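Take a look at the structure below.
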Amino acid sequence: MTEKIVFIPGVGEVLLKKSARAKRVNIKVAPFKGVQVSVPQRVTFANAEKLVLQKKDWLLKHLPKMEQMENKLTEFTPQTQFRTFNHDLVFIAKEDTELRAKANQTELQIIYPPNTDFYSLDTQHFIRHCIIETYRREAKVFLPQKVKEFAAQHQFKYRSVHIKNAKTRWGSCSYDNKINLNLHLMRIPEHLRDYVILHELCHTVVKNHSKAFWDLLDKVSGDARGLDKELNNWQIEVF
């Protein structure tokens, strides 16, 4: 058995899942996924459940935060009006088909059979996945070009740009000046997207967050601290 669902009083259902990659028991609380526990092969489900019980107070603290995030997430139905960076989300009902997606230059089309349950988690996950992949394609075209423009404008040097679907960071810069940018940058306002790119380009010169870094970032962005504070109002995976 690779999975087991247990019920923890006050918490509800918890999914225990064996993982070949897990080195220790790892508990995650995620919107619409609930409490999921990665269990190393050497650890029994019984021992993993005991650990979850020990973490009950921690779970009770974090579950309300998960519910708040769930309430902020868009629930996608044929009536939903939604646009990515340059694609409109369009729903098309079609007989004799399974739920699928198709994208062209201007639209992300969700093609669905008439009996589709749009309120099921599977359907919502499918649509959200399609939207994220659309953001990824858009980001791969747009963001490297933007980095190139800012680097030329401010005389920064970098090695490469990579697009990621990171959970916690908008961007990062490696020791050898490889820049990683989050595909979710395509969701936020242009001035904040520019700020993140400039932030990472500044790290090609100053590798820490010292006064020298903030002075440089302020010089190229205009209001580094203010922009950083505004960026904190955005949550990466909430849309």
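Considering (1) surrounded by 13 or more Cβ atoms within 10 Å (Cβ to Cβ); (2) modelled with pLDDT under 90; (3) part of a strand (DSSP E or B), say which one residue 69 fails and leave the rest.
Of everything listed in (1) surrounded by 13 or more Cβ atoms within 10 Å (Cβ to Cβ); (2) modelled with pLDDT under 90; (3) part of a strand (DSSP E or B), residue 69 misses just condition (3).
Could you list, in sequence order, the residues of segment 1-27 that are in a strand (DSSP E or B) and more than 18 Å from residue 47 (Cβ to Cβ)?
Residues satisfying the conditions are 12, 13.
Residue 165 - would you say it is farther than 16 Å from residue 225 by Cβ, among the polar types (S, T, N, Q) and modelled with pLDDT of 95 or more?
No: the conditions fail for residue 165.
Which is among the hydroxyl-bearing types (Ser, Thr, Tyr), part of a helix (DSSP H, G or I), at pLDDT 90 or above and surrounded by 12 or more Cβ atoms within 10 Å (Cβ to Cβ), of 77, 123, 116?
123
Looking at segment 180-216 only, could you name the residues that are within 30 Å of residue 82 (Cα to Cα), more than 16 Å from the chain's Cα centre (by Cα) and assigned to a helix (DSSP H, G or I)?
Scanning segment 180-216 gives 190, 191, 192, 194, 195, 197, 198, 199, 200.
Can you tell me which residue within segment 105-122, out of those that are without any contact (Cβ under 8 Å) to a residue 40 or more places away in the chain and under 22 Å from the mean Cα position of the chain (by Cα), is farthest from residue 75 (Cα to Cα)?
107
Inspect segment 94-102 for any residue being surrounded by 13 or more Cβ atoms within 10 Å (Cβ to Cβ) and under 30 Å from residue 16 (Cβ atoms) and give the result as yes or no.
yes
Restricting segment 28-66 to residues that are assigned to a helix (DSSP H, G or I) and either among the aromatic types (Phe, Trp, Tyr) or touching a His at 6+ places or on another chain (Cβ under 9 Å) (or both), which is surrounded by the most Cβ atoms within 10 Å (Cβ to Cβ)?
Applying the filter and picking the extreme gives 45.
Restricting attention to segment 6-21, and to residues there that are more than 22 Å from residue 63 (Cβ to Cβ) and surrounded by 11 or more Cβ atoms within 10 Å (Cβ to Cβ), which single residue is farthest from the chain's Cα centre (by Cα)?
Here the answer is 18.
State which residue pairs qualify: first residue in contact (Cβ under 8 Å) with a residue 12 or more places away in the chain and inside segment 1-16, second residue among the aromatic types (Phe, Trp, Tyr) in any location, beta carbons under 7 Å apart, and separation of 6 or more residues or different chains.
From segment 1-16, the pairs are 4/45; 13/7; 16/45.
Within the bounds of segment 85-104, is there any residue that is within 19 Å of the chain's Cα centre (by Cα) and in contact (Cβ under 8 Å) with a residue 60 or more places away in the chain?
Yes: segment 85-104 contains one or more residues that are within 19 Å of the chain's Cα centre (by Cα) and in contact (Cβ under 8 Å) with a residue 60 or more places away in the chain.
In segment 154-179, what residues are outside any loop (DSSP other than H, G, I, E, B) and either closer than 22 Å to residue 239 by Cα or small (Gly, Ala, Ser) (or both)?
Hits for segment 154-179 are 160, 163, 164, 171, 172.
For segment 1-48, what are the residues that are within 26 Å of residue 235 (Cβ to Cβ) and acidic (Asp, Glu)?
Selection gives 13 alone.
Given the criteria over 18 Å from the mean Cα position of the chain (by Cα), farther than 23 Å from residue 225 by Cβ and either in the same structural domain as residue 99 (by TED's automatic domain parsing) or touching a residue at least 12 places away in the same chain (Cβ under 8 Å) (or both), does residue 157 qualify?
Judged against the criteria, residue 157 is a match.
Answer yes or no as to whether residue 83 is among the basic types (Lys, Arg), out of contact with any Cys (no Cβ under 9 Å at 6 or more places or on another chain) and within 20 Å of residue 1 (Cα to Cα).
No.
The values are calculated or read from the model by the stated rules, or taken from the named source; none is laboratory data. As the structure is a computational prediction, the values presented were derived from the model and not from experiment. Cβ: placed from backbone, ideal geometry, glycine included. Neighbour counts: every protein chain shown.
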